[in-house]
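Every number in this text was worked out from the coordinates using simple rules, so none of it is lab data. For clarity, every value in this text was computed on a predicted model and none was experimentally measured.
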Amino acid sequence: MIDAARARKALAVVRLVNGGLALLAPRFLLRRLGTDADRDPSGIYPMRMFGIRTVLIGADLLVLTGEQSRRASRLAVVIHATDTANAASCLVKGDLPRRAAVMATLISAVNTVLAVIAARD
């Protein structure tokens with residue numbers, strides 16, 4: 001079983017990569033979600049907002065210590081559980097193409113598990 005410190009670092013890396021992509025290459029991630037950003041660029045702005053938030057909370061997991069680190073880890077559970085529920089909702093409602101919604105749900109669920117393990121510290 002992965003320990004809390006490794007889970008926190010793994011989650012931080014996932015956040016930094018995904019957040020960086022959302023911030024710097026939103027069209028790439030939008031295509032992965034089945035959206036043509038050239039035809040409808042309306043998703044670029046919220047994707048970049050998601051990106052900066054994700055980068056900052058990923059950095060928190062790496063640099064904060066003590067009680068601040070524990071708080072960031074506890075908040076990660078709420079953030080990722082909400083992401084998982086939202087992705088699952090998109091799957092059920094058909095708001096995303098099925099494959100994209102399944103992948104988003106699975107990725108978010110793995111992140112939620114990492115967050116729960118990280119919060120055990």
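Relative to the longest principal Cα axis of the chain, at what angle does helix 98-119 sit, 0 to 90 degrees, rounded to 10?
Value to nearest ten degrees: 10.
Once every DSSP H run of n ≥ 4 in the chain is given -39500 (n - 2.57) and the sum is divided by its residues, what mean residue ellipticity at 222 nm do you get, rounded to the nearest 500 deg cm²/dmol?
Mean residue ellipticity at 222 nm (helix-derived): -28000 deg cm²/dmol.
What's the angle, to the nearest 10 degrees (0 to 90), between helix 4-24's Cα axis and the longest principal axis of the chain?
30
Alpha carbon centre of segment 75-121 versus segment 14-38: separation in Å?
16
Please give the helix 66-93 orientation as an angle from the longest Cα principal axis of the chain, in degrees from 0 to 90, rounded to the nearest 10.
30
I need the phi-derived Karplus couplings for segment 25-38: 6.51 cos²θ - 1.76 cosθ + 1.60, θ = phi - 60°, integer Hz, Gly and Pro marked x.
Per-residue couplings from phi come out as 9, x, 4, 4, 5, 5, 4, 5, 8, x, 10, 8, 5, 6 Hz.
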